[in-house]
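What follows is a set of notes on a single structure, which appears directly below.
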Amino acid sequence: MNMMEITAQMRENKKIEFKDQLKIVILLSVPAILEQLVGTAMSYIDTAMVGSLGYKATAAIGVVASTTWLFGGICTAAVLGFSVQVAQYLGAGKNKLARQVVCQSILFNIIFGLCIALVVVAFSFYLPKLLGADPSICRDATLYLAIVGAFIPFNMMAMLHSGMLRCSGNAVLPSLMNISMCVFDVIFNYFFIYILNLGVAGAALGTGMAQLVVGFILMYIVVKKEKSLRLLGDESWKFDKDILKNVVNLSIPAGLERVTLSLAQVVMTGVVSGMGAISVAINYVAVSAEGLCYLPAYGIGGAATTLVGQSIGANRKDMAKRFAYLTTLLSFALVIFMSIIMFVFAPFLASTLTNSQEVIDGASECLRIVSFSEPLFAISIVVMGALRGAGDSKCPFVLNALSMWGMRVLPIIIFTKRYGVIGVWATMTFELVFRGIIFLIRMVRGKWLDQNSVK
């Protein structure tokens, strides 16, 4: 049974057997997890290739990494406003409205993506110094951020159309295309970093070119090939105030959430930057390696958004709740397993990203500390995906802001600078446990089922 068949049964108020619920969760989650694995692999590729140039090259990317996450998070939030509408309209059987959302998203991508790109490129000339980066890495950091910024419209295009396909129930194609992106990334990186000898700038160019190629391919698949979303010619290309109102209701809280979290990461980067280039490199290598541990949660969280969104669209709150619980439990179990692997193999993971023994030792210690919090972090990720699928994007913003700034940033600023980068990661571990608990409470209370902001 596929997603469209389950959606049709939900609209007819038929009972969905547990085995079918579990099957569709797995069918959507596995490709999404693979997609997250590919995304993490791309980060690994960049870090490993640049790491071969020395710890200063790694530090140059590490200084601006939180800023790239900030603007990437803003784009992700904007994409969410369209993909959730697609899920709910398809769940309600309103395919023409779903296609109309596709048209609106393409126009939005062009305008919004270009604006964000201009802002990032302009900031790139000042940010490394503002963050207190060592003068020896400022030039490379500026080049990396400027090039990443220039390719933001294409990265957003890839995210947008991947999200559309996932929310239509097609999780396989986005995964295949993201695997292709990883292959392109390796090829382009090798060419720009080693053949043209562009170093850090080459890593940014390689990733950007991979995003450009895959972004255009995904857009073609959505508008020409995907059965439930391909454009039929009866859609309007004028901006629709109702669709844009839904985007505002969904994306602004999600965008504020991403800005809040990413600004906190920028502040933390500033704290770590003041500890020297070695500490920046340790922090960045640990962050890159940690992504392997919680990546199943983001994959399953994407499945939760689709399943809950289509359940709400079909007016089946009971199924939305069941899918939320099932995806959360599955993520928790998988990430426990991944945490054990990360704890045991922390030195090996760090050594694949840098050739500096001092960085390997420091990053390994950070990874082993944070491994204890990853299962609860996974809960917060999947619950967040379920809440977004239900149209509740305000609560994740409030909970994340409370946790990140109250339980992580302030203690780091006040207390942990004296303990170095290890103190930063110990504080982060405590905050992730707290975040998982408050998101779990939100899910269990069930009020999110009545917070739909898509009209």
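The values are calculated or read from the model by the stated rules, or taken from the named source; none is laboratory data. Keep in mind that this is a model prediction, so the values were computed, not measured. In this analysis, Cβ positions are derived from the backbone assuming ideal geometry, glycine residues included, and neighbour counts consider all displayed protein chains. When the accessible area is computed, the model is the full protein with side chains, heavy atoms only, and any ligands, DNA or RNA have been set aside. Shrake-Rupley method; radii C 1.70, N 1.55, O 1.52, S 1.80 Å.
Return the residue satisfying two criteria in turn: it lies in segment 73-105 and is out of contact with any helix residue (DSSP H, G or I) (no Cβ under 7 Å at 6 or more places or on another chain) and in a helix (DSSP H, G or I), and of such residues it is most open to solvent (accessible area, probe 1.4 Å). Among residues in segment 73-105 that are out of contact with any helix residue (DSSP H, G or I) (no Cβ under 7 Å at 6 or more places or on another chain) and in a helix (DSSP H, G or I), the one most open to solvent (accessible area, probe 1.4 Å) is Lys96. Evaluating Leu244 against the criteria (1) open to solvent by less than 20 Å² (accessible area, probe 1.4 Å); (2) aliphatic (A, V, I, L, M); (3) in a helix (DSSP H, G or I) leaves one unmet condition, (1). Within segment 196-229, the residues that satisfy the criterion of being touching a Lys or Arg at 6+ places or on another chain (Cβ under 8 Å), in a helix (DSSP H, G or I) and in contact (Cβ under 8 Å) with a residue 60 or more places away in the chain are Val222, Val223. Every listed requirement among (1) charged (D, E, K, R); (2) in a helix (DSSP H, G or I); (3) at pLDDT below 90 is met by Asp392 save one, (2).
The condition of being at pLDDT 85 or above, under 30 Å from Glu235 (Cα atoms) and of a type outside the set (Asp, Glu) holds for only one of Ile187, Ile147, Ile110, that being Ile110. The condition of being under 22 Å from the mean Cα position of the chain (by Cα), assigned to a helix (DSSP H, G or I) and farther than 27 Å from Lys447 by Cβ does not hold for Leu387.
Contact map, segment 431-444: residues that are open to solvent by 10 Å² or more (accessible area, probe 1.4 Å) paired with residues that are aromatic (Phe, Trp, Tyr), Cβ distance under 7 Å, separation 6+ or inter-chain. Pairs shown: Arg435/Phe377; Arg442/Trp448. Please indicate, with yes or no, whether at least one residue in segment 257-273 is modelled with pLDDT of 85 or more, more than 25 Å from Leu37 (Cβ to Cβ), open to solvent by 10 Å² or more (accessible area, probe 1.4 Å) and not aromatic (Phe, Trp, Tyr). No, segment 257-273 contains no residue that is modelled with pLDDT of 85 or more, more than 25 Å from Leu37 (Cβ to Cβ), open to solvent by 10 Å² or more (accessible area, probe 1.4 Å) and not aromatic (Phe, Trp, Tyr). Of all the criteria given as (1) more than 14 Å from the chain's Cα centre (by Cα); (2) part of a helix (DSSP H, G or I), the one not satisfied by Gly132 is (2). Checked against the criterion of being among the β-branched types (Val, Ile, Thr) and within 24 Å of Ile414 (Cβ to Cβ), the candidates Val308, Val266, Val285, Val335 yield just one match: Val266.
Counting only helices (runs of 4 or more DSSP H) that sit completely within segment 278-377, those holding 3 or more residues that are open to solvent by 10 Å² or more (accessible area, probe 1.4 Å) and hydrophobic (A, V, I, L, M, F, W, C) correspond to 317-344.
Inside segment 113-129, residues that are within 23 Å of the chain's Cα centre (by Cα) and open to solvent by 50 Å² or more (accessible area, probe 1.4 Å) make up a count of 5.
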